[in-house]
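The block underneath contains the structure these notes are about, expressed in structure tokens.
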Amino acid sequence: MRARWIRFARIGISISIVFLTACTSRTSDLEGHQKPHGDTVQIISEENAPSGNADPVFLPKAMIGNKVTLDYIDYDKDVVNEEDMGMMTELSEEDTNSILMWYSQVDPRETISIQQLNTEMSLQMTIHLSDRETVLISYDKENSEVYLQVHTKKEVRSYKVRDNGDEVTPQFDQWIEQGPYQSISGVTYHILLDEYLENDDPDNPDVSILHRSYYAYSQDNNSYHYQYSIALDKVANISEAKAKLAADTKGNGNSLQLLPNTLISPKVTRQWKEEGYQPSQEYSAESPAGLTYKEIQGLVPEN
């Protein structure tokens, strides 16, 4: 039985709704991978936390045009290569506006006054209101909790957001999970996120399917998940599947060759190492071994 290609593609296009209009573009000065904000100490435990705030909570107002900087982010280590960990996700104007819109809708009555923060944060960003006042937004992904710190020349006030946090955490999770990789105009590239063998299809008990899951960034600024799969006669494990495909050169071309401009995720790199697998047929002139994100950024066509 010859190998049969099965191709699956699912395009997910995220649409950002900009609630703020007539805005002046402000570019965020991203300073690189920094440590979390230094003015953090200890959180009151939930059982000891007050049920409400003894004193009225005052959150300073943000307005369109306020600068927002991403100061720290702990990327998903299964997706982002070590050499890219220090890169910051660049905030677009839409990203900046959505953060400002979310903050403006936080109800001070739905926050809990806390002492300072000592939990490990997955992300921290700053709204720059003025030279004298900033608001630090901190996100604890493990517990899905969002915190605010208002910094003035005289004091630092810290709060836990109770209700509105759920409205912004999906955006934070997306930045963490996708890493610093973004669409590059004129260049299509891919990240190989996962590779696995499906061996338990009751409708096809004599067939194994090798799946490779990619995240694609297209040259027209769209991004989406993409699954590339191949069916073959039943095998015992993924190593046997790849060995069989490597030996099958009849009519299928190089079935193990990666999509053009593919970065290998740390998860897949570890998996290949654990398998003792040497990717001999994966690489090509279109997707060479050791390709880096910086090299892909250099592929932008000249005007």
**Request:** Starting from segment 266-277, take each residue that is of a type in the set (Asp, Glu) and list its partners that are open to solvent by less than 80 Å² (accessible area, probe 1.4 Å), counting only C-beta distances under 6 angstrom and pairs at least six apart or across chains.
**Result:** 275/239
**Message:** Whether any residue in segment 266-279 is within 23 Å of residue 80 (Cβ to Cβ) and part of a loop (DSSP other than H, G, I, E, B) is what I want to check.
**Reply:** yes
**Complete:** Over segment 122-140, the set of residues in contact (Cβ under 8 Å) with a residue 60 or more places away in the chain and open to solvent by 20 Å² or more (accessible area, probe 1.4 Å) is 128, 129, 133
**Asked** Which residue pairs have Cβ atoms closer than 6 Å, lie 6 or more positions apart in sequence or on different chains, and pair a first residue in segment 220-247 that is aromatic (Phe, Trp, Tyr) with a second residue that is at pLDDT below 90?
**Response** 224/11; 224/12; 226/9
**Message:** Against the conditions (1) open to solvent by 30 Å² or more (accessible area, probe 1.4 Å); (2) within 14 Å of residue 191 (Cα to Cα), where does residue 282 fall short? Just the number, please.
**Reply:** (1)
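With the requirement that a residue be small (Gly, Ala, Ser) and either crowded, with 17+ Cβ neighbours inside 10 Å or touching a helix residue (DSSP H, G or I) at 6+ places or on another chain (Cβ under 8 Å) (or both), what does segment 53-62 give you? Reasoning before the result, please.
Let us first name the residues in segment 53-62 that are small (Gly, Ala, Ser), namely 54, 62.
Scanning segment 53-62 gives a single hit, 62.
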**Complete:** Here the residues within segment 80-103 that are surrounded by fewer than 18 Cβ atoms within 10 Å (Cβ to Cβ) and out of contact with any Phe, Trp or Tyr (no Cβ under 9 Å at 6 or more places or on another chain) are 82, 86, 90, 92, 93, 94
**Prompt:** If residue 186 passes every condition in (1) on the phi < 0 side of the Ramachandran plot; (2) surrounded by fewer than 20 Cβ atoms within 10 Å (Cβ to Cβ) but one, which one does it miss?
**Reply:** (1)
**Complete:** Scanning segment 194-217 residue by residue, those part of a strand (DSSP E or B), surrounded by fewer than 20 Cβ atoms within 10 Å (Cβ to Cβ), of a type outside the set (Ser, Thr, Tyr) and out of contact with any helix residue (DSSP H, G or I) (no Cβ under 6 Å at 6 or more places or on another chain) turn out to be 194, 198, 207, 209, 211, 216
**Prompt:** Just checking, how many residues over segment 239-253 are touching a Ser or Thr at 6+ places or on another chain (Cβ under 9 Å) and open to solvent by less than 60 Å² (accessible area, probe 1.4 Å)?
**Reply:** 4
**Prompt:** Restricting attention to segment 97-136, which residues are within 27 Å of the chain's Cα centre (by Cα) and of a type in the set (Asp, Glu)?
**Reply:** 120
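Go through segment 80-155 and tell me which strands (runs of 3 or more DSSP E), entirely inside it, have 3 or more residues that are in contact with a helix residue (DSSP H, G or I) (Cβ under 8 Å, 6 or more places away or on another chain) and more than 14 Å from residue 59 (Cα to Cα). Talk me through it step by step, then tell me what you get.
Working: elements: 111-114, 123-128, 134-140, 145-151.
Of the strands (runs of 3 or more DSSP E) lying wholly inside segment 80-155, none has at least 3 residues that are in contact with a helix residue (DSSP H, G or I) (Cβ under 8 Å, 6 or more places away or on another chain) and more than 14 Å from residue 59 (Cα to Cα).
Can you report the number of residues in segment 63-79 which are part of a strand (DSSP E or B) and surrounded by 19 or more Cβ atoms within 10 Å (Cβ to Cβ)?
Taking segment 63-79 and keeping what is part of a strand (DSSP E or B), we get 67-73.
This time we only want the ones that are surrounded by 19 or more Cβ atoms within 10 Å (Cβ to Cβ), so: 68, 70-71, 73.
Counting residues in segment 63-79 that are part of a strand (DSSP E or B) and surrounded by 19 or more Cβ atoms within 10 Å (Cβ to Cβ) gives 4.
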**Request:** Can you tell me which residue among 259, 232, 263 is more than 21 Å from residue 177 (Cβ to Cβ), among the hydrophobic types (A, V, I, L, M, F, W, C) and surrounded by 14 or more Cβ atoms within 10 Å (Cβ to Cβ)?
**Result:** 232
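The values are calculated or read from the model by the stated rules, or taken from the named source; none is laboratory data. Bear in mind that the values here come from a model prediction, so they are computed numbers and not experimental data. Glycine also receives a Cβ, built like all others from the backbone with ideal geometry; neighbour counts cover every protein chain displayed. The area values use the complete protein model at the heavy-atom level, side chains included, leaving out ligands, DNA and RNA. Shrake-Rupley method; radii C 1.70, N 1.55, O 1.52, S 1.80 Å.
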